[in-house]
Amino acid sequence: MRPGPRNLITDVAGLKVGNADDERLKSGVTVLLCDTPAVAAVEGLGGAPGTRETDLLAPHNMAEAVDALVLSGGSAFGLDAASGAQAWLRERGRGLDVRGHIVPLVPAAILFDLPNGGDKDWGRYPPYREMGHAAADAAATHFAIGTAGAGAGALTAGLKGGLGSASIVMDNGVTVGALVAVNAAGSATVGRTPHFWAASFEAGDEFGGLGLPSPLPADATKVLLKHHVAAMPGGNTTIGIVATDARLTKASAKRLAIAAHDGFARALWPVHTPVDGDLVFAVATGRNETALSIEDAIHLHAAATAAMARAIARAVHAATPAPGDVFPTWAMRAGRA
């Protein structure tokens, strides 16, 4: 298995990603657009989720495909971003045709980035609806990671978080990609070192090439939390998307989303806490007609785990400093700023 040509989720044929963010606000939105409606599912394992339209993704419910997925900052206010992406799609006649009425299906998830040093005094209405529209309008096969989109104001335990992405081309030609906004209560690095927990999966030096520390520091498994006085319910959250060009049912897409959560566990410590709303969407474009055996499906799930772990580390590694930051970037801690 090797990274795709972009090492982004858009190596999966049929997908584009757009970002919109505001440096003063320290928040933003990321939209994944499907060129044609794609099979999708979701799995949430955190204790404090914030979502929109996730019920329709259950395997037993009627809708088979979605037009877009939205990841947003802004806590519950950020759910407005899906309305902006939905409006963008409707303007272009894209969506489910229900008796002549076009209804774009746009599930969304949010993370809590309110107390991160940004100016959240936005007046009567939050800006996320317009940012959702702008992010959809910016969608392309190339996009920024790090301090961008839904990761623009993200934080982890002691370091800035961010938006990350990675891809894998399997030996059978099937492509798997991950996209993630990392705002975890826990840490992506081992103790207070610059070494990433996800180092075992690193492709080349895509997030520093440091490997794992040897020996592990004494505080390697110490629980380092973003909020030391009182961990705020809903004050964190890592939200992501795993995608493939394989042909999957909604039920098998859900299994893929579950597998991608293993990537969270490989890249963050601790993870899936009561104060994180950790969630993964899965998308299958079906552009690759390769038949998957049970063994192939196992490799597909392993690729989803690895791609997600790498995307999380890349998000933190690529973060850049900005005025008013409350935490340093990984580059600052590693002496590479």
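Read-outs throughout are calculated quantities, based only on the coordinates presented, and are distinct from any laboratory measurement. Since the model is a prediction, treat every value here as computed from it, not as a measurement. Using ideal geometry, Cβ is built from the backbone for each residue, glycine included, and neighbour counts are taken over all protein chains shown.
Side notes on the structure shown:
- Note on the range 9-332: antiparallel DSSP beta bridges, both residues inside, total approximately 85 percent of the bridges counted.
- In this calculation the C-beta distance from Ala58 to Tyr125 is compared with R0 = 30 Å, giving a FRET efficiency of 0.45.
- Relative contact order (%) - the chain, alpha-carbon pairs under 8 angstrom, separation at least six: 25
- Fully extending the segment from Thr249 to Asp205, taken as 0.36 nm per residue of separation minus the present Cα-Cα distance, adds 12.3 nm.
- Reach of Lys26 by Cα under 25 Å, taken over lysines that are not fewer than 8 positions away in the same chain: Lys16, Lys120, Lys160, Lys226
- The range 291-315 and the range 142-214: distance between their alpha carbon centers, rounded to Å: 15
- Along principal axes, Cα extents of the range 47-114, largest first, whole Å: 40, 30, 13
- Along its principal axes, the range 204-337 has C-alpha extents of 48, 36, 33 angstrom, given from the largest down.
- Virtual spin-label span in nm between Ala218 and Ile294, 7 Å along Cα→Cβ: 4.9
- If only the Cβ of Lys and Arg carry +1 and only the Cβ of Asp and Glu carry -1, the dipole of the range 9-332 around its Cα centre is close to 380 debye.
- At 0.890 mPa s and 25 °C, Stokes diffusion of the range 96-225 via Kirkwood alpha-carbon radius, µm² per second: 137
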